[in-house]
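> First, the structure itself, so that you have it in front of you.
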Amino acid sequence: MMDDPMADYAPWYATPIRARNRVLVMGVVNLTPDSFFDGGQFDTPQRAVDHAHRLIDEGADVLDLGAESSRPGAAPLNEEEEWLRLVPVLEMLQTVPVPISVDTYHAATARRALDAGATLINDISALRHDPAMAACLAEAGCPCVLMHMQGTPQTMQQAPVYDDVVSEVMAFFEARIEAALAAGIAREQIWLDPGFGFGKSVAHNLTILRELATFQQFELPVLIGTSNKSTIGTVLNVDVQDRTEGTAATVAASVLHGVQCVRVHDVRAMARVVRMTEAILHGPTE
């Protein structure tokens, strides 16, 4: 196991936001039977590990492991079952050459995952679900993603309503950053995710994409996950397995609007989209 899996990325998350020009590609590894896109495909530890190695070969800069589905209407999972799904995969990935993120809102799972080699915690509740999460992350001193979500996965798509979605997400981030700092989490360890598809209509999601640059005001890394989501299906009238081009458009738009990380399923294709979009913005790399 590496001493510091994030060492190579320290210049990225320690550099002032406007000086960064290297967008990270986060590859999704779902250990779930019910995720909206690939649930059940990687339902054994070996299949999940093989998939993780494939994503790294395809260009993933970070792996994001999730053991509980957060698709609309998904049933919650208790932390013991979540950990049973995670632990064998984490143990088998301890020597991979990229950082590992764990997608969880349970403090006990986060603590165990960090002890087992995870580097980043991706909390879709932005520290609201588990009162112990903030203290856990502060003690660990690890990067954490704070995501905006209206409601819960069980309720979020029933009737999302905003007067001004961007302003309300901005206000949410202000409050959650303040809560994280008050708990002892260092500001430089905070990432923000506006929660595309989490308690938002198609119109809300498209507005978030158009105005992504607004979130740069916090001078914190912005992560976004648009990959294969229902907004793409609605706009293009395609099913979940036919959203590659739509995802590519959202990824390119996200890079053009200044995000620092895109969370995707199809790493090979989307890494190429990211690198090409960066070349348009900054010129080709040597």
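> When you check Met133 against the structure, is it closer than 27 Å to Glu91 by Cβ and of a type in the set (A, V, I, L, M, F, W, C), yes or no?
Against the criterion (closer than 27 Å to Glu91 by Cβ and of a type in the set (A, V, I, L, M, F, W, C)), Met133 qualifies.
> Can you pull out the residues in the stretch 194-231 that are under 18 Å from the mean Cα position of the chain (by Cα) and of a type in the set (Val, Ile, Thr)?
Ile208, Val222, Ile224, Thr226, Thr231
> A follow-up question, please. Return the residues of the stretch 157-202 that are buried (at least 16 other Cβ atoms within 10 Å of the Cβ) and part of a helix (DSSP H, G or I); say none if nothing qualifies.
Val165, Val166, Val169, Met170, Phe172, Phe173, Arg176, Ile177, Ala180, Gln189 - these are the residues of the stretch 157-202 that are buried (at least 16 other Cβ atoms within 10 Å of the Cβ) and part of a helix (DSSP H, G or I).
> Let me ask something else about it. Please work out which residue is modelled with the lowest pLDDT, limiting yourself to the stretch 42-79 and to residues that are farther than 16 Å from Ser125 by Cα and touching a Phe, Trp or Tyr at 6+ places or on another chain (Cβ under 7 Å).
Checked the stretch 42-79; the qualifying residue modelled with the lowest pLDDT is Ala48.
> Those residues that are in contact with a Gly (Cβ under 9 Å, 6 or more places away or on another chain) and within 14 Å of Ile56 (Cβ to Cβ), I need them from the stretch 85-94; list them, please.
Within the stretch 85-94, Leu93, Gln94 qualify.
> While we're on this one: Out of curiosity, is Val240 of a type in the set (A, V, I, L, M, F, W, C), in a loop (DSSP other than H, G, I, E, B) and more than 16 Å from His148 (Cβ to Cβ)?
So Val240 fits the description; yes.
Conditions (1) at pLDDT 95 or above; (2) among the small types (Gly, Ala, Ser), marked per residue:
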residue	(1), (2)
Glu178	yes, no
Ala183	yes, yes
Ile190	yes, no
Gly197	no, yes
Leu209	yes, no
Ala248	yes, yes
Val251	yes, no
Cys261	yes, no
Val264	yes, no
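> Within the set of pairs 6 or more residues apart or between chains, which connect a residue that is surrounded by fewer than 20 Cβ atoms within 10 Å (Cβ to Cβ) inside the stretch 221-250 to a residue that is of a type in the set (S, T, N, Q) with Cβ atoms less than 7 Å apart?
Cβ pairs passing all conditions: Val240/Asn228.
> Just one of Ala252, Ala183, Ala203 is within 26 Å of Val98 (Cβ to Cβ) and among the hydrophobic types (A, V, I, L, M, F, W, C); which is it?
The match here is Ala252.
> One residue is enough: does the stretch 226-237 have a residue meeting the conditions in contact with a strand residue (DSSP E or B) (Cβ under 6 Å, 6 or more places away or on another chain) and in a loop (DSSP other than H, G, I, E, B)?
Checked against the condition, which is being in contact with a strand residue (DSSP E or B) (Cβ under 6 Å, 6 or more places away or on another chain) and in a loop (DSSP other than H, G, I, E, B), the stretch 226-237 yields at least one hit.
> Out of curiosity, is Thr250 out of contact with any strand residue (DSSP E or B) (no Cβ under 7 Å at 6 or more places or on another chain), more than 27 Å from Ile121 (Cα to Cα) and hydroxyl-bearing (Ser, Thr, Tyr)?
Against the criterion (out of contact with any strand residue (DSSP E or B) (no Cβ under 7 Å at 6 or more places or on another chain), more than 27 Å from Ile121 (Cα to Cα) and hydroxyl-bearing (Ser, Thr, Tyr)), Thr250 does not qualify.
The values are calculated or read from the model by the stated rules, or taken from the named source; none is laboratory data. This one's a predicted model, so the numbers in the text were calculated from it and none came from an experiment. Note: ideal-geometry Cβ built from the backbone for every residue, glycine included; neighbour counts use all protein chains shown.
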